[in-house]
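*Asks:* This is the structure, below, for whatever I ask next.
What follows is calculated from the coordinates using simple rules that are stated; it is not laboratory data. Computed from a prediction, not measured in an experiment: that's the story for all the values here. Positions of Cβ are generated from backbone atoms using ideal geometry, with glycine treated the same way; all protein chains shown enter the neighbour counts.
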Amino acid sequence: MFKECIENVRKKTPLIHNITNYVTVNDVANALLACGASPIMSDDWEEVEEITSLCDGLSINIGTLNKNTIPSMFLAGKKANELKHKVLLDPVGAGASKLRTDTAVKLMKEVKFNAIRGNISEIKALALGRGNTKGVDANVADMVTEDSLNNAVDFVKTFAKEAGCIVAVTGAIDLVTDGNQCYVIRNGRAEMGKITGTGCQLSAIMTAFLVANPDRELEAAAAAVCTMGLAGEIGWSNMQPSEGNSTYRNRIIDAIYKMDGEMLEKGARYEIR
Amino acid sequence: MFKECIENVRKKTPLIHNITNYVTVNDVANALLACGASPIMSDDWEEVEEITSLCDGLSINIGTLNKNTIPSMFLAGKKANELKHKVLLDPVGAGASKLRTDTAVKLMKEVKFNAIRGNISEIKALALGRGNTKGVDANVADMVTEDSLNNAVDFVKTFAKEAGCIVAVTGAIDLVTDGNQCYVIRNGRAEMGKITGTGCQLSAIMTAFLVANPDRELEAAAAAVCTMGLAGEIGWSNMQPSEGNSTYRNRIIDAIYKMDGEMLEKGARYEIR
Amino acid sequence: MFKECIENVRKKTPLIHNITNYVTVNDVANALLACGASPIMSDDWEEVEEITSLCDGLSINIGTLNKNTIPSMFLAGKKANELKHKVLLDPVGAGASKLRTDTAVKLMKEVKFNAIRGNISEIKALALGRGNTKGVDANVADMVTEDSLNNAVDFVKTFAKEAGCIVAVTGAIDLVTDGNQCYVIRNGRAEMGKITGTGCQLSAIMTAFLVANPDRELEAAAAAVCTMGLAGEIGWSNMQPSEGNSTYRNRIIDAIYKMDGEMLEKGARYEIR
């Protein structure tokens with residue numbers, strides 16, 4: 001039940017350590033607060049192990065990675081593994097530079113992630129970046145559409161099996177899989193693509209959902225995706241004629257803030273393949 | 001009169017140098033503009049002394065401190081002292097890592113602050129971090145409530161005397177003291193805790209209030225706290241049913257922007273102990 | 001026709017690489033999305049050349065420059081030049097520190113810019129920082145007013161000729177020149193000065209306009225300035241009585257999002273000198 005997934009976040013108020021980019025960090029913090037979690041941002045190598053030890057989960061987002069923060073991602077990730085905290089990777093821009101692809105791939109090798117969330121191009125870059133991974137179709141179309149859906153589901157399931165964790169690919173249609181089952185989610189609106197940071201926010205929220213629902217990670221990850229998508233729909237329904245993407249950004253976080261279990265249960269639109 | 005405190009900020013438009021975190025920095029800048037001050041953000045050690053020399057006050061916030069910005073905090077702080085500028089410390093997360101506690105404690109030793117603003121846990125960490133400071137009750141409850149108020153006032157007064165500056169502890173009840181008098185302030189709303197950055201904004205605004213009211217620092221600091229809390233109340237009164245924490249964030253800064261001396265004087269709720 | 005300038009941005013959706021400050025970066029990203037472009041932020045020297053190669057234009061903003069990002073500005077700028085991408089400089093705070101002035105002046109020497117956008121004081125600092133530049137009147141008033149307009153136009157034209165690129169000076173009256181013609185623009189509202197980041201947003205948007213209109217750079221730059229100013233006017237007209245600078249920030253970006261060619265053509269207020 002997605003209902004319980006979000007209710008557990010609000011009940012347990014997990015503290016999430018974010019090593020994240022400076023573009024969307026404020027929205028990430030407010031989105032975590034909106035869903036009932038608490039954010040801490042910290043990225044200096046000297047303190048990240050200590051900070052992550054205080055927290056319940058860790059979200060690593062490479063959106064504006066740099067020489068100072070990359071080592072912190074590894075240190076925090078390993079410490080979080082040691083403590084059996086939930087850890088999520090958002091490989092922002094993997095495929096756009098060697099630094100991003102290599103960092104993400106190396107993180108996947110050295111840190112055990114509970115979930116990876118990205119768009120289809122980023123996930124494809126990770127899959128290819130890992131070498132001639134068997135079963136990965138390099139021809140998978142970059143956009144998940146109704147036409148490419150079957151192939152995309154296969155690709156994501158295969159990648160999740162290889163990665164050994166939940167993989168969430170978000171876009172027009174969202175896919176969330178543990179390698180066996182795949183949630184195919186049709187919440188959200190195209191206009192969300194005109195706001196920076198909805199993906200980053202989702203990654204942080206997903207980490208909180210995983211922490212608060214440790215025994216049903218796949219369902220929790222899917223519930224987080226539906227929460228974000230549904231918030232996009234509700235936020236849009238509250239838009240006034242003069243409003244554009246900047247206000248929409250606020251209305252989406254507001255909708256997360258207002259979301260309860262019943263609303264999520266009722267509004268979630270998904271099938272399982 | 002709090003009225004004059006805010007009016008002086010609007011009249012003098014002090015330029016405030018902020019060495020601050022990247023999470024809430026945009027809101028800090030807009031909050032300073034909202035109260036009539038001007039922001040400059042700069043944290044490279046090569047320029048901070050020069051930048052702070054152009055300014056009227058300095059606000060040091062350790063929220064995302066790192067190896068590059070820590071030396072800048074010391075350089076800027078010492079230069080500001082030399083120039084007799086008002087300097088404030090916001091020890092974000094002191095107590096959460098050795099790096100934060102040590103940096104804040106060392107800043108307190110090497111820089112003369114006019115004010116320190118934090119939550120009770122941060123202030124407690126500073127008090128304990130300074131060693132077995134006499135008179136500091138390590139058992140002071142972390143939340144300032146009506147029940148723990150007397151103890152908290154005593155603790156904060158003692159700490160302010162030792163620190164030799166104004167100390168503002170914000171939370172459900174806010175305390176602002178110079179070690180002798182303590183303003184006990186009951187403005188604000190609990191929902192402000194669901195927004196990232198209201199504390200950071202207050203620290204920056206408080207710096208502007210100190211600069212603009214050099215001869216009555218305690219009153220100015222208390223006026224800043226009441227301004228923020230009252231803006232939280234007014235912002236809340238403007239909320240529409242569909243709105244949540246993201247819009248609330250805007251409405252609070254908007255309310256600071258609209259605040260005049262009469263409103264502050266009338267809306268401030270405090271007693272002096 | 002300004003109409004076509006903005007329509008080309010929406011049609012071509014240029015991808016803009018931003019090396020920018022952490023204060024206004026989120027608004028910059030959303031403003032780019034609002035006008036129809038796409039943002040990428042990246043500032044680590046190891047990846048900036050690769051990232052800028054994927055993009056269509058580069059906007060360099062020195063607002064929170066530091067030891068790590070300065071080398072990236074040079075690397076990205078030179079690579080963008082090599083690829084004949086449009087490159088813009090926003091010399092935030094030039095004149096406020098030696099580091100800023102020197103960095104901006106050195107960038108102008110080593111990177112070929114298509115446009116420089118700043119306020120009059122920043123542009124003056126660049127002009128003086130270049131040495132005893134002939135024809136630059138050090139006495140040009142810092143504010144461009146109707147009274148100082150003739151002198152200011154002369155100064156900006158001279159500077160543009162020397163810099164060999166378009167120069168946009170924004171303030172109460174905006175000037176955009178290639179050294180020969182000068183657009184004198186009277187869109188915008190004074191209240192925009194009470195929001196952090198409208199200048200940064202404009203620089204990024206201007207880069208997108210230059211990319212999408214390669215054969216008429218001057219007109220494109222002027223159209224970008226009018227877009228921002230007109231959005232300020234429209235955003236203001238949508239303000240509710242309780243709203244202040246934080247909501248105004250959103251309303252301006254919203255107005256960019258809603259702006260079409262007809263609105264821009266009709267609302268642009270300028271003369272050419």
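*Asks:* Using the crude model of +1 on Lys and Arg Cβ and -1 on Asp and Glu Cβ, and no other charge, please compute the dipole size for the protein assembly as shown relative to its Cα centre, in debye to 20.
*Replies:* Rounded to the nearest 20 debye, it is 580 debye.
*Asks:* For segment C:164-227 and segment A:84-114, what is the centre-to-centre distance using only Cα atoms, to the nearest Å?
*Replies:* Result: 39 Å between the Cα centres.
*Asks:* Grab the residue from chain A whose Cβ hugs the A-to-B rotation axis most tightly, plus its distance in whole angstrom.
*Replies:* A:Tyr22, 2
*Asks:* In percent, how large is the relative contact order of chain B, given Cα pairs closer than 8 Å and 6 or more residues apart?
*Replies:* Computed over chain B, the figure is 22 percent.
*Asks:* Which distances, shortest first and in nm, link C:Lys112 to the matching position in the other copies, using label points set 7 Å out along Cα to C-beta?
*Replies:* Distances between equivalent label points, in nm: 5.6, 5.6.
*Asks:* Run the dipole for chain B about the Cα centre, Lys and Arg Cβ at +1, Asp and Glu Cβ at -1, nothing else charged, and hand back the magnitude in debye, nearest 20.
*Replies:* Computed charge dipole of chain B: roughly 300 debye.
*Asks:* Putting +1 on Lys and Arg Cβ atoms and -1 on Asp and Glu Cβ atoms, find which of B:Ala208, B:Ser59, B:Ala231 reaches farthest to the positive end of the dipole of segment B:2-272.
*Replies:* Projecting each Cα onto the dipole axis, the largest value belongs to B:Ser59.
*Asks:* For segment C:1-157, what is the charge dipole size about the Cα centre, in debye to the nearest 20, if Lys and Arg each add +1 at the Cβ and Asp and Glu each add -1 at the Cβ?
*Replies:* 380 debye
*Asks:* Using a cut-off of 15 Å between beta-carbons, work out the net charge of the residues near C:Met1 (Lys and Arg +1, Asp and Glu -1, C:Met1 not included).
*Replies:* Net local charge, C:Met1 excluded: -3.
*Asks:* Considering all alpha-carbon pairs of segment A:2-272, what whole percent are spaced by more than 26 angstrom?
*Replies:* The proportion of pairs with Cα distances above 26 Å equals 35 percent.
*Asks:* A follow-up question, please. What is the sum of charges around B:Lys258, taking Lys and Arg as +1, Asp and Glu as -1, for the other residues whose C-beta is under 11 Å from the C-beta of B:Lys258?
*Replies:* That sum, taken over residues with Cβ under 11 Å, equals -2.
*Asks:* What share of the DSSP beta bridges in the protein assembly as shown is antiparallel, in percent to the nearest 5?
*Replies:* 35 percent
*Asks:* A follow-up question, please. If you take the charge dipole of the protein assembly as shown about its Cα centre, with +1 on Lys and Arg Cβ and -1 on Asp and Glu Cβ, which of C:Asn68, A:Gly197, B:Cys35 is farthest toward its positive end?
*Replies:* Result: C:Asn68, furthest along the dipole toward the positive end.
*Asks:* Sort A:Ile51, C:Ile173, B:Ile252 so the one with the fewest other Cβ atoms within 10 Å of its own Cβ comes first.
*Replies:* Taking fewest neighbouring Cβ atoms as first place, the list is C:Ile173, A:Ile51, B:Ile252.
*Asks:* Between copies, how close do the A:Arg273 label points come, placed 7 Å along Cα→Cβ, listed in nm from shortest?
*Replies:* 6.3, 6.3
*Asks:* Which lysines have a Cα less than 27 Å from the Cα of A:Lys194, not counting those fewer than 8 places away in the same chain?
*Replies:* Here the lysines satisfying the reach criterion relative to A:Lys194 are A:Lys98, A:Lys124, A:Lys258, A:Lys266, B:Lys194, C:Lys3, C:Lys11, C:Lys12, C:Lys86, C:Lys194, C:Lys258, C:Lys266.
*Asks:* Let me ask you something else. Among bridges DSSP assigns within chain A, what percent are antiparallel (round to 5)?
*Replies:* Close to 35 percent.
*Asks:* Who wins for biggest fluctuation among B:Thr64, B:Thr227, B:Thr158 in a Gaussian network model of chain B, springs between alpha carbons below 10 Å?
*Replies:* Looking only at B:Thr64, B:Thr227, B:Thr158, the largest GNM fluctuation is found for B:Thr64.
*Asks:* Hey, another quick one. Taking the radius of gyration and the Kirkwood hydrodynamic radius from Cα positions alone, what is the Rg/Rh ratio for segment A:4-93, to two decimal places?
*Replies:* When Rh is taken as the Kirkwood radius, the ratio is 0.96.
*Asks:* Taking the number of other C-beta atoms within 10 Å as the exposure measure, put C:Asp178, B:Asp215 in order starting with the fewest.
*Replies:* In increasing order of surrounding Cβ atoms, one gets B:Asp215, C:Asp178.
*Asks:* How would you rank A:Thr170, A:Thr207, going from fewest to most other Cβ atoms within 10 Å of each one's own Cβ?
*Replies:* A:Thr170, A:Thr207
*Asks:* Give the nm distances, rounded to one decimal, from A:Pro71 to the matching residue in every other copy, measuring between label points 7 Å along Cα toward the beta carbon; shortest first.
*Replies:* Those label-point separations list as 1.5, 1.5 nm.
*Asks:* Next question. Trypsin sites (Lys or Arg not before Pro), restricted to segment A:1-93: which are DSSP loop and have at most 16 other Cβ atoms within 10 Å?
*Replies:* Loop-located and lightly packed - A:Lys67, A:Lys84.
*Asks:* Net charge within 14 Å of A:Met206 by Cβ-Cβ distance, Lys/Arg positive one each and Asp/Glu negative one each, not counting A:Met206 itself?
*Replies:* -3
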